[in-house]
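A.B. asks: There's a structure below that I have some questions on.
The values are calculated or read from the model by the stated rules, or taken from the named source; none is laboratory data. Here the structure is a predicted model, which is why all the values come from computation and not from measurement. Neighbour counts are summed over all protein chains in view; Cβ atoms, including those assigned to glycine, are modelled from backbone coordinates with ideal geometry.
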Amino acid sequence: MDMNGECVRVVVAGDVDLASVPHLAGRVNEAIVSSDDDVVVDLADVTFIDSTGLVLLAKARARLAGDDRRLVLARPATCVRRVLALAGVDQFFDVRDVDDQPLA
């Protein structure tokens, strides 16, 4: 987790699935409670994501929205983009292709 005063960044790598989601949920929760900033989840190095990963991201987004904050999915790998599109939630999330795009 990295804090830069504008956002809190969580970098994710490997598979995001039933086995790994509990650990990732802890990291995302820590990012949410440790700051009042937006949360950026960097998905550039994710090799697989399943529905449990999507549910985790959707819940985090809803939780942050309740505090007028945002969840940003940064640089999602091709496999992540494909799953977001197939699930019909690609427009639901704030997706950024460039790591340094301003959040405002």
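A.B. asks: Examine segment 73-83 for a residue that is of a type in the set (A, V, I, L, M) and in a helix (DSSP H, G or I), and state whether such a residue exists. Step through it out loud before you land on a result.
C.D. replies: Our first condition is that a residue be of a type in the set (A, V, I, L, M); within segment 73-83, this holds for 73-74, 77, 80, 83.
Those still in the list that are in a helix (DSSP H, G or I) too: 80, 83.
Looking through segment 73-83, at least one residue is of a type in the set (A, V, I, L, M) and in a helix (DSSP H, G or I).
A.B. asks: Another one. Which condition does Val98 not pass, out of (1) β-branched (Val, Ile, Thr); (2) at pLDDT 95 or above; (3) not in a strand (DSSP E or B), if it passes all the others?
C.D. replies: (2)
A.B. asks: Quick check on segment 21-38. Is at least one of its residues in contact with a Cys (Cβ under 6 Å, 6 or more places away or on another chain) and surrounded by 12 or more Cβ atoms within 10 Å (Cβ to Cβ)? Let's see the steps before the verdict.
C.D. replies: Of the residues in segment 21-38, the ones in contact with a Cys (Cβ under 6 Å, 6 or more places away or on another chain) are 37-38.
In the following step, the residues that additionally are surrounded by 12 or more Cβ atoms within 10 Å (Cβ to Cβ) were identified as 37-38.
Looking through segment 21-38, at least one residue is in contact with a Cys (Cβ under 6 Å, 6 or more places away or on another chain) and surrounded by 12 or more Cβ atoms within 10 Å (Cβ to Cβ).
A.B. asks: Could you tell me which of the residues Leu56, Leu86 is modelled with pLDDT of 95 or more and more than 13 Å from the chain's Cα centre (by Cα)?
C.D. replies: One residue alone meets the criteria, Leu86.
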